[in-house]
Amino acid sequence: MLKNFFWMCSGADTDVLEKCSKAEQIKQAGIGGTVFFTAVMAFIASAYALYTVFDNIFTAVFFGLVWGLLIFNLDRFIVATIKKRDNISAEFTQAIPRIILAIIIAIVIAKPLELKIFEKEIDRVLLEEKNQMTLDNKQQIGMQYSPAIEKLNSEISGLKNEITRKESEVNSLYDTYISEAEGREGTLKIGKGPVYKEKREKHDAALQELQQLREANSIKINDKERQITALQTDLTTKISKTQPTIDGFDGLMARIKALEKLPWLPSFFIFLLFLSIETAPVIAKLLAPKGEYDVRLEDIENTAKTWVTQKEDKRKQMLTAEFALNDKIYADLSEEEELYNYKRQSAREIMQMQADAFYNQQKKLLQ
């Protein structure tokens with residue numbers, strides 16, 4: 001059962017193969033097994049690659065199965081059409097298209113498995129890139145709000161400085177009238193005289209202005225702080241909205257680019273591994289020596305070719321003889337008097353009928 005299945009995979013003629021020796025049957029079964037397991041590897045690799053794209057196991061398995069069957073059919077066809085002859089260069093020429101295709105397929109199916117094998121290293125690279133992208137994203141979005149926030153902070157600082165200057169002025173006036181009362185400055189007289197009252201009134205007026213300034217600037221500062229809070233909230237909201245895009249930056253293309261940042265040698269050897277797997281059926285067919293099955297198959301093909309050549313030659317001879325006979329027969333007939341008189345009488349009748357028809361048509365037109 002398994003032997004017949006591998007024979008089918010090799011594309012061999014089972015009727016011919018059953019008449020061959022056991023060694024030849026085992027060789028063809030080995031070639032068929034190579035074709036089958038190559039298709040299985042293609043299915044596994046393509047299914048994983050499609051799973052990373054669609055993130056759906058049923059879709060990945062379905063299309064992976066289609067891809068595996070495609071590779072199986074292609075390998076089986078090429079292996080079956082490579083005929084073992086005594087000309088190695090001709091056999092290799094037949095295999096060149098399949099080898100080129102194998103290189104392309106090896107690149108396609110090796111990448112997904114490389115992504116799986118180096119998954120941890122790729123995740124580390126992606127994490128570093130995501131962190132950098134997060135910082136860059138915050139910086140770029142922050143640049144949109146920084147001028148407005150800095151302007152508001154500057155205005156708040158100006159308002160606070162205005163209050164501080166007024167406080168300094170009030171404190172200075174306070175020290176002035178206290179010093180006047182203590183006799184340390186001004187009139188140098190201890191007591192609360194007219195000069196003291198004048199300076200005290202000036203201080204009280206300045207203090208009242210300070211209180212009014214504090215109330216007015218406090219309202220302005222609170223309003224500007226609310227604007228800053230609103231801008232910062234908007235900034236945080238925009239960062240939060242864009243962060244999922246950065247967090248989801250782990251698709252197939254992103255992982256391939258991350259893989260390219262890793263050392264190339266391990267990936268190259270994995271590519272060589274899959275290239276050898278993909279070319280295995282063709283290489284196995286090319287390296288296999290010409291055996292009994294190939295000799296029997298060549299004999300069957302040569303027999304059919306000889307039979308077709310004979311039939312074609314006979315048809316050419318029959319056609320040549322037919323042409324010669326027809327030429328001689330028509331030459332003999334052209335010299336017979338009886339055939340000449342018959343043809344002459346037929347032509348006379350046709351010409352008379354044409355003349356009568358023309359006469360009747362013209363007569364109808366004139367009436």
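The values are calculated or read from the model by the stated rules, or taken from the named source; none is laboratory data. Note that this is a predicted model, so its numbers are computed, not measured. Methodologically, a virtual Cβ is constructed for each residue, glycine included, from the backbone with ideal geometry; neighbour enumeration extends over all protein chains shown.
Check 331, 254, 304, 355 and return the single one that is small (Gly, Ala, Ser) and touching a helix residue (DSSP H, G or I) at 6+ places or on another chain (Cβ under 9 Å). Spell out how you get there, then give the answer.
Working: 331 fails: touching a helix residue (DSSP H, G or I) at 6+ places or on another chain (Cβ under 9 Å); 304 fails: touching a helix residue (DSSP H, G or I) at 6+ places or on another chain (Cβ under 9 Å); 355 fails: touching a helix residue (DSSP H, G or I) at 6+ places or on another chain (Cβ under 9 Å).
Matching residue, one of 331, 254, 304, 355: 254.
How do the helices (runs of 4 or more DSSP H) wholly within the stretch 1-75 filter down when requiring 3 or more residues that are of a type in the set (A, V, I, L, M, F, W, C) and in contact (Cβ under 8 Å) with a residue 40 or more places away in the chain: which remain?
On the way: elements: 2-10, 14-17, 22-54.
Answer list for the stretch 1-75: 22-54.
Within the stretch 118-160, track down each residue that is surrounded by 15 or more Cβ atoms within 10 Å (Cβ to Cβ) and within 37 Å of the chain's Cα centre (by Cα).
118, 121, 122, 125, 126, 129, 130, 133, 134, 137, 138, 141
If you check residue 272 against the conditions, is it closer than 30 Å to residue 115 by Cβ, exposed (fewer than 10 other Cβ atoms within 10 Å of the Cβ) and either outside the structural domain of residue 105 (by TED's automatic domain parsing) or out of contact with any helix residue (DSSP H, G or I) (no Cβ under 6 Å at 6 or more places or on another chain) (or both)? Outline the logic, then answer.
Working: closer than 30 Å to residue 115 by Cβ: yes; exposed (fewer than 10 other Cβ atoms within 10 Å of the Cβ): no; either outside the structural domain of residue 105 (by TED's automatic domain parsing) or out of contact with any helix residue (DSSP H, G or I) (no Cβ under 6 Å at 6 or more places or on another chain) (or both): yes.
Against the criterion (closer than 30 Å to residue 115 by Cβ, exposed (fewer than 10 other Cβ atoms within 10 Å of the Cβ) and either outside the structural domain of residue 105 (by TED's automatic domain parsing) or out of contact with any helix residue (DSSP H, G or I) (no Cβ under 6 Å at 6 or more places or on another chain) (or both)), residue 272 does not qualify.
I'd like the residue in the stretch 161-170 that is of a type in the set (Val, Ile, Thr) and touching a helix residue (DSSP H, G or I) at 6+ places or on another chain (Cβ under 7 Å) and, out of all such residues, is surrounded by the most Cβ atoms within 10 Å (Cβ to Cβ). Break it down stepwise before answering.
Of the stretch 161-170, the ones of a type in the set (Val, Ile, Thr) are 163-164, 170.
Subsequent filtering for residues that are touching a helix residue (DSSP H, G or I) at 6+ places or on another chain (Cβ under 7 Å) retains 163, 170.
Working: 163: 16, 170: 19.
It comes out as 170.
With 152, 101, 127, 113 as the choices, which residue is out of contact with any strand residue (DSSP E or B) (no Cβ under 8 Å at 6 or more places or on another chain), assigned by TED's automatic domain parsing to the domain that holds residue 278 and within 30 Å of residue 243 (Cα to Cα)?
Working: 152 fails: assigned by TED's automatic domain parsing to the domain that holds residue 278; 101 fails: within 30 Å of residue 243 (Cα to Cα); 127 fails: assigned by TED's automatic domain parsing to the domain that holds residue 278.
It is 113.
Among (1) part of a helix (DSSP H, G or I); (2) under 25 Å from residue 13 (Cβ atoms), there is one condition residue 83 misses while meeting the rest; what is its number?
Among (1) part of a helix (DSSP H, G or I); (2) under 25 Å from residue 13 (Cβ atoms), residue 83 violates only (1).
Picking from 260, 278, 301, which residue would you name as being of a type outside the set (Phe, Trp, Tyr), under 57 Å from the mean Cα position of the chain (by Cα) and surrounded by 12 or more Cβ atoms within 10 Å (Cβ to Cβ)?
Numbers: 260 fails: surrounded by 12 or more Cβ atoms within 10 Å (Cβ to Cβ); 301 fails: surrounded by 12 or more Cβ atoms within 10 Å (Cβ to Cβ).
That would be 278, the only listed residue that is of a type outside the set (Phe, Trp, Tyr), under 57 Å from the mean Cα position of the chain (by Cα) and surrounded by 12 or more Cβ atoms within 10 Å (Cβ to Cβ).
Given the conditions (1) touching a residue at least 40 places away in the same chain (Cβ under 8 Å); (2) touching a helix residue (DSSP H, G or I) at 6+ places or on another chain (Cβ under 9 Å), which single one is not true for residue 339?
(1)
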